[in-house]
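Undergrad: Got a structure for you, questions after.
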Amino acid sequence: MPIPAYRPPSWEDNAPIAGTPPAPDRWGHTKVTIQGHGGTGAEIPLTDFSGRAWPAIFLQDGATGLDMPPMDLHSDTSPNLDGGWFRSTRAAEREILLPLYLYGIDRRTIIDLKRKLSRTLNPKNGHCVLRFTEGDASSRYITAYYKGGMEGNEGADNAGFTWARYGIQLTAFDPWFYGDRDIIAEWKTGAGKVFLKSPGKAFLPLDISQGTISSQGVTIFNPGDVEAWPVWEIKGPVRSFTISSADGREFGINPKSANSDLIASGETLTVDTRPGFKTVTRSDGENLWPRLDPNPAMFELPAGESKINVVMNPGASSAALRLSLSPRYESY
């Protein structure tokens, strides 16, 4: 006999509907643009047009690679046991396919559109920025390099006298989408100013104790889907500092003699923890990486809430600490 299973009621059953069905939000169409020359060139809209006779480049159905990035899984196996053991995972390079249709009102316009698109995509000119803007004006972007697809095919289904069709292939070596850079928080001597935080969650103020700013368990909120790497800016005058995570990773500069300012008044020390950067630079250009305390660990901030600890010895009441973060997202 078949296995008994619950079957949800259908319209054919004339089942009564309990409650009021939710009303859908009014939402505009997603706007897609692509920008070349390392994000400094002119944006080409891929979803906007003003009429049937308007020369433009359109994104057609069939785009791929725009949601979760591919993941590499690392594992160990044993010749005497079934299966294996999960070790770690990492997001791999993301391959994106954009089916594009170029429509011109005459031969000259289609040639101009081809040249405009090829100059935008050419990786010798830098990476491309593919941006998606939703109906609520929120925007996310991903950087990628052109890989292929615009070599040309003059077949009857691929090109005509005033039109052309391409399957543009892009590779995003950084597989995550980004929103606009957000300033998460800024702390000044004796006060804290919140720029972005979790709803209903307040930042703890920094306390002054015998000339040292110390705050334990400061709540930070990362609105992204995955961990993100912060950029710290310390405004002088400051004699020493230490920034640590809840799990004990920390970095800082604490001279044996803290009688003079490490960062003078009017100067700023920038600690960039992002992979590929990892710099500690003062505003006068000096590299202070050699002066870090032993075994520095520049930690990331996980998605959601996390806590950090801050200890800073200011030279005056005008010292400040600023945290900026670029949230990373799995999809547009």
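The values are calculated or read from the model by the stated rules, or taken from the named source; none is laboratory data. Every value quoted in this text rests on a predicted model; they were computed, and no experiment measured them. Here Cβ is always computed from backbone atoms with ideal geometry, including for glycine, and neighbour counts include all displayed protein chains. We work out accessible area using only protein heavy atoms, side chains counted, and drop any ligands, DNA or RNA first. Shrake-Rupley method; radii C 1.70, N 1.55, O 1.52, S 1.80 Å.
Undergrad: What is segment 230-332 by shape, rounded, prolate or oblate, if you read a ≥ b ≥ c off the alpha carbon gyration tensor as root eigenvalues and call it rounded for a/c under 1.5, prolate for a/b larger than b/c, and oblate otherwise? Don't jump to the answer; show the numbers that get you there.
TA: Values: a/c = 1.80, a/b = 1.67, b/c = 1.08.
Prolate, because a/c is 1.5 or more and a/b exceeds b/c.
Undergrad: Residues with beta-carbon under 15 Å from that of MET298, excluding MET298: net charge, scoring Lys, Arg +1 and Asp, Glu -1?
TA: Numbers: positive: ARG249, ARG274, LYS278, ARG291; negative: GLU227, GLU233, ASP247, GLU250, ASP272, ASP293, GLU300.
After counting each charged neighbour, the total is -3.
Undergrad: A further question follows. Please report how far the C-alpha centroid of segment 60-104 lies from that of segment 144-183, rounded to the nearest whole angstrom.
TA: Each part reduced to its Cα centre gives a spacing of 19 Å.
Undergrad: A follow-up question, please. So, taking all protein chains as they sit and a 1.4 Å probe, how much accessible area belongs to ARG239, in Å² rounded to tens?
TA: 80 Å²
Undergrad: If you average the alpha carbon positions of segment 219-264 and of segment 120-138, how far apart do those two centres end up, in angstrom?
TA: 33 Å
Undergrad: To continue, here is another question. Taking R0 as 56 Å, what's the FRET efficiency between LYS278 and ASP61 from their Cβ-Cβ distance, rounded to 0.05?
TA: Numbers: r = 42 Å, r/R0 = 0.75.
Rounded to the nearest 0.05, the efficiency is 0.85.
Undergrad: Counting only C-alpha contacts under 8 Å and six or more residues apart, can you give the relative contact order of segment 119-187 as a whole percent?
TA: Values: 86 pairs, mean separation 20.4, N = 69.
Worked out over segment 119-187, it gives 30 percent.
Undergrad: What order do LYS124, LYS31, LYS114 take when sorted by accessible area (1.4 Å probe), most exposed first? Show your work: numbers first, answer last.
TA: Values: LYS124 185, LYS31 90, LYS114 45 Å².
Descending order: LYS124, LYS31, LYS114.
Undergrad: Would you mind checking the pairs LYS31/LYS235; LYS114/LYS147; LYS31/LYS188; LYS278/LYS307 and listing those with alpha carbons more than 28 angstrom apart? Could you put the intermediate results ahead of the total?
TA: On the way: LYS31/LYS235 39 Å; LYS114/LYS147 16 Å; LYS31/LYS188 40 Å; LYS278/LYS307 21 Å.
Listed pairs above 28 Å: LYS31/LYS235; LYS31/LYS188.
Undergrad: Order ARG282, ARG107, most accessible first, counting only protein heavy atoms with a 1.4 angstrom probe.
TA: On the way: ARG282 30, ARG107 90 Å².
If we order ARG282, ARG107 from most to least accessible, we get ARG107, ARG282.
Undergrad: Counting Lys +1, Arg +1, Asp -1, Glu -1, what net charge surrounds ALA144 among other residues with beta carbon under 13 Å of its beta carbon? Walk me through the numbers before you get to the answer.
TA: Numbers: positive: ARG94, ARG131, LYS147; negative: GLU93, GLU95, ASP174.
Residues near ALA144 contribute 0 overall.
Undergrad: Can I ask one more? Can you give me the long-range amide H partners of LEU46? Hydrogens built in the peptide plane at 1.01 Å from N, cutoff under 5 Å, separation of 5 or more residues or another chain.
TA: Excluding prolines and chain starts, which carry no amide H, the hits are VAL32, THR33, ILE34.
Undergrad: Then there is this: Please provide three numbers in whole Å: the alpha-carbon extents of segment 123-166 along the principal axes, with the largest listed first.
TA: In descending order, the Cα extents are 39, 29, 13 Å.
Undergrad: If you don't mind, there's one more thing I want to ask. Taking the full set of protein chains and a 1.4 angstrom probe, give the accessible area of ARG181 in square angstrom, rounded to the nearest 10.
TA: About 110 Å², rounded to the nearest 10.
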